[in-house]
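So the structure is just underneath, and the comments pick up after that.
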Amino acid sequence: MNGWLRRIRGALGMGLTWAIGWIPAGVVISLIMEARAGLPLGSLIDLWLLGLVPLGFLGGVIFSTALRALEGNRRFDELSLTRFGAWGALGGLLLGTVAVSIGLVGASFGAGFGLREAVILGTSTLLSAISATGSLALARAADDRELLDSGKRVAEVSLTEDEARDLLPG
């Protein structure tokens with residue numbers, strides 16, 4: 001049971017990380033859309049954040065779960081950034097398609113496929129690819145830091161004076 005809890009915690013952590021990472025994109029997109037439509041700045045920020053943050057969370061959870069199923073027990077150093085990014089992009093495209101088709105993020109935009117829906121699809125695809133690649137880079141950095149920390153502990157271990165004398169002649 002401990003393994004399942006660890007996997008669930010990892011998937012939720014990935015989802016939370018992706019959701020936080022998608023906040024700046026939501027702000028930038030809303031500012032661009034406001035400027036394009038001639039609306040006052042800040043009028044669409046809530047709308048885009050309410051759409052992208054849950055998508056980011058859901059995308060991170062789904063990506064983590066799919067990665068576990070598809071890549072198995074491979075270590076981070078065995079996985080390529082390109083492959084991670086491709087899995088993320090594919091997941092983001094599917095996630096964006098589902099979100100637009102059920103009206104999850106496009107409910108107030110009216111019927112049909114337009115610029116906003118294209119922006120949602122493109123954004124979810126791009127952000128998922130970036131988030132996946134960034135997740136692997138962060139995981140590798142954490143692994144490297146652990147190795148460096150363990151290396152410091154190993155460096156503290158030294159030979160006693162008698163052991164050094166036995167190894168070195170004379």
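The values are calculated or read from the model by the stated rules, or taken from the named source; none is laboratory data. Just so it is clear, the structure is predicted and the values come from calculations on it, not from any experiment. Glycine gets a Cβ as well: all are built from the backbone with ideal geometry, and neighbour counts include every protein chain shown. When the accessible area is computed, the model is the full protein with side chains, heavy atoms only, and any ligands, DNA or RNA have been set aside. Shrake-Rupley method; radii C 1.70, N 1.55, O 1.52, S 1.80 Å.
From (1) open to solvent by 60 Å² or more (accessible area, probe 1.4 Å); (2) more than 30 Å from ARG7 (Cβ to Cβ); (3) in a helix (DSSP H, G or I), pick out the condition that doesn't hold for PHE57.
Failed condition: (2).
Out of the residues in region 68-79 that are in contact (Cβ under 8 Å) with a residue 24 or more places away in the chain and assigned to a helix (DSSP H, G or I), state the one that is least open to solvent (accessible area, probe 1.4 Å).
So, considering only residues that are in contact (Cβ under 8 Å) with a residue 24 or more places away in the chain and assigned to a helix (DSSP H, G or I), the one least open to solvent (accessible area, probe 1.4 Å) is PHE76.
Looking at SER64, SER43, SER30, SER80 in this structure, which one is polar (S, T, N, Q) and under 12 Å from the mean Cα position of the chain (by Cα)?
Answer to the check: SER64.
Could you give every pair whose Cβ atoms fall below 6 Å, whose first residue belongs to region 20-43 and is among the small types (Gly, Ala, Ser), and whose second residue is open to solvent by less than 60 Å² (accessible area, probe 1.4 Å) and assigned to a loop (DSSP other than H, G, I, E, B), counting only separations of at least 6 or pairs across chains?
Filtered contacts from region 20-43: SER30/LEU44.
With of a type in the set (Ser, Thr, Tyr), modelled with pLDDT under 80 and part of a helix (DSSP H, G or I) as the only criterion, which of SER158, SER128, SER108 stands out?
Sole residue among the options that is of a type in the set (Ser, Thr, Tyr), modelled with pLDDT under 80 and part of a helix (DSSP H, G or I): SER108.
Which numbered condition trips up GLY13, out of (1) open to solvent by 40 Å² or more (accessible area, probe 1.4 Å); (2) assigned to a helix (DSSP H, G or I); (3) not polar (S, T, N, Q)?
Failed condition: (1).
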